[in-house]
Each structure stands twice: as C-alpha cells, then as structure tokens.
Amino acid sequence: DRTIEPVIVAGIFAGKPVDELFVYRWTGSSWEQIPFQIDERNSAGDYVANEDGVMDSNDEVVFMSGDTGMLASDSIGSALPVSGLWYRVEVTNPLNTSSKGWAYIVHSTSLSITNPTDYVSYNNANLRVSTANYALGWAASGHNGLDYMSMYGGGDIMDRTKLRIDYRVVVLQFHLTENDIPFENVVLIKDGAVRTLVKRGGTVTTSYQSYTSTNFPVDLSSLPGNLERFRTSTDLAQGISGTYYDENNNAGKPIDGVPDNVTQTPFTQAWRQVTVGAGSNIQVAKLTELGGVQKHYYKDNSAVDPQDTGDQRSFGDSGFEVTDPTSRNFTITTGQYFIPAAQGNQGALYNEYFLNPLHVSTTVETQFHSFLPVLEKQN
C-alpha cells in the first residue's frame, strides 16, 4: 500500500558527484535498478536546476515507494561495481508498520542509468505537467493558478483555481480575487524521471506519477484594516458531472450545476474529493497557520454569477474557507492524489496518509558490516 508516495533521502554521500549515484532494489533473486533522480538545493534550501553537481547535506535522492523491493539476502557489493559503502533505505508505513519496502543507494564510477522509465514530464509550450494518470496546467494569462486538469485519459475538467480575500477598512469592504494578484511567469526548476518541480512566484508545485504537492506562501501583511475572509477553491468546467465528497458528505453530492445543501462544518479533516469519469482527485491541506474559523467550501450552480471569475458558473467549485484569519503571513501546504474512480470515496484514508508521512531510515552498509540507522520522516 501507499505505493504512489515518494521516498526522499538527504544527507548521504557528501562530496560525491550526483551523476555517480544509483538506486537499486532486491527482487528476491537479483538486483534491479529503479527510477530515481537527484535534486540539488542551494544554501537557502531552495531547489535549483543545477548547483555544483556534488552531493551536499540538503541535496535529495528521490524515488517512489512503489518501486522498493525486498530486504536483500545477498550483498550488492558482491554483485555490482560499487564503492566500499552504500545505504540501505527502509521505508515503513506508520499506519501499518508491517508494511515495509527497501532500496539501496550506491556510489559507482562505472555504472550507468539502465532503467529509462520517466514517470512525469513538463511541456513548456502549454505549461502542463503530464503523467500516465493525470495532467495539470497553469494559466497562460490572467491569473497565477491552474486552468487545466485531466484524469486517466479523460479531457479537461477544470475551469480554474480560485482565490478570494475579503478585508474591511472601517466601513468599507474590499474584495480581491486571483485576477488581482500580480501575474508571475511559470518557471521549470526540474523535470526528472520521478518528479517535476515547477515554480510560479513563491509557489512551488512538485508532481509525481499520481501525486502532487504545493507550498503556497501568502503574505497579506500590507493589507490595511481587518482581514475577514480567505478562500481557495477549484472550480470545474461548465457541464462537468461527477460526485463531490468531504468529511461531512461521505455519501457524496452530485456535481451537476444544481444547488445542493452541503454541510460546511465541522472542519476537522481538511480533505475534499471530486470524482469525474474514470478518475478521482483527492485534495488534502494543512491550514493550521491561518487560525480563524475554518470550514469546507462548496458551490454547484450553473447560473451565471457576474461577480465570479472564470466562466462565471460553478460546477463542483470546492475548497477551503477561513473567516477572521488570525495570521496574515502563512503557507498553505496541499497534496493532491489521483486515483481510479472505481475505488469510491477514499478521502479520509488519503488524509491519514498525508498527516502520517512514510518513515524512512537509512543504514550505512559495507561488504561485511552494517551501522546504526538514521531515522527520518517524509515532508
């Protein structure tokens, strides 16, 4: 289980060239190279396309948990031309500690990439990240959000992502939308075999084969008066039909442009699921920095709203809303999982996955010895 989540290992092979590291798994009878990539970070911790080409303490080796194998019964040092030490990586599901997988990160001056698998790609012409299971696209003009989503071979289902900020100065109320935020260019940081890293303004989106995560920093400290409301949501395209789920609507509500009575509170689990066609998109979020009164947001109404953005209609427009936020400077961290629609409502389960990241431990091994492991948690 949890095969669509990444494994990230940092702080290994200090000083070694990044192109001399490789990742293998033990199949039970042989060693097999698995897809991986190495992402460099600068001294400030920001991801960069290239730094110095040498492993530093914050550079990351990344591979998928679904590609891990068995605990090896044979030494990789006896089978492959690797240097004198390597790292055994143990990946454990904290929600089921008997569920484990292993991978082995090695250094070699003679090995080469033998697994050509590429799980994800970025197309600068249409500003889209694509995998076998989904595609996401950024708006080319007008706003900084997304305006394209497809799942499992279907067409585009998205109108756009939306942002709403309300503040009041004495008796005057002001409303901001995603259209009011200064426009930023989309910048590709890295397009690797396992993930892409794309930046727009301060927001970094990391996309894998069936999962994408976003860190969205928000600074509203320059706004005058009182901050009254903050909302972020995803609106589907006109005419899209499907089913919406959240913690208060486990049976689901039809997405059909006809208004529904959807309970917004309690808000104890920040997840939402939209199922359309052959796929489901589950979004989970961490909103603890905002404070205030938090609730689910949902609007399904095909009538034109002149005050709205995008196509000015709402089809399964869903997300999260906060009234009277206590912070004006915060970061929203979200994860989006893409799974087959046939699995039904899985939002609560993937929320647990998001809140309980995989445990990763690394153990230094040599031909004849193993050393104490270093324990880590995924971000």
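The values are calculated or read from the model by the stated rules, or taken from the named source; none is laboratory data. Nothing here was measured: the structure is a model prediction, and the numbers come from that model. Cβ coordinates were reconstructed from backbone atoms using ideal geometry, including for glycine residues, and neighbour counts include every protein chain displayed.
Brief remarks on what is shown
- The listed residues are Ser210, Ser221, and the only one of them that is in contact (Cβ under 8 Å) with a residue 24 or more places away in the chain and out of contact with any Lys or Arg (no Cβ under 8 Å at 6 or more places or on another chain) turns out to be Ser210.
- Among residues of region 132-160, those that are touching a helix residue (DSSP H, G or I) at 6+ places or on another chain (Cβ under 7 Å) and assigned to a strand (DSSP E or B), counted: 0
- Leading residue by the ranking (nearest to the chain's Cα centre (by Cα)) among those in region 1-31 that are hydroxyl-bearing (Ser, Thr, Tyr) and closer than 13 Å to Thr68 by Cα: Thr3
- Filtered by the rule that a residue be out of contact with any helix residue (DSSP H, G or I) (no Cβ under 6 Å at 6 or more places or on another chain), surrounded by fewer than 21 Cβ atoms within 10 Å (Cβ to Cβ) and part of a loop (DSSP other than H, G, I, E, B), region 13-45 gives Ala14, Gly15, Lys16, Thr27, Gly28, Ser29, Ser30, Pro35, Asn42, Ser43, Ala44, Gly45.
- Among the numbered conditions (1) in contact (Cβ under 8 Å) with a residue 40 or more places away in the chain; (2) part of a loop (DSSP other than H, G, I, E, B); (3) not assigned by TED's automatic domain parsing to the domain that holds Ile282, the only one that Trp102 does not meet is (2).
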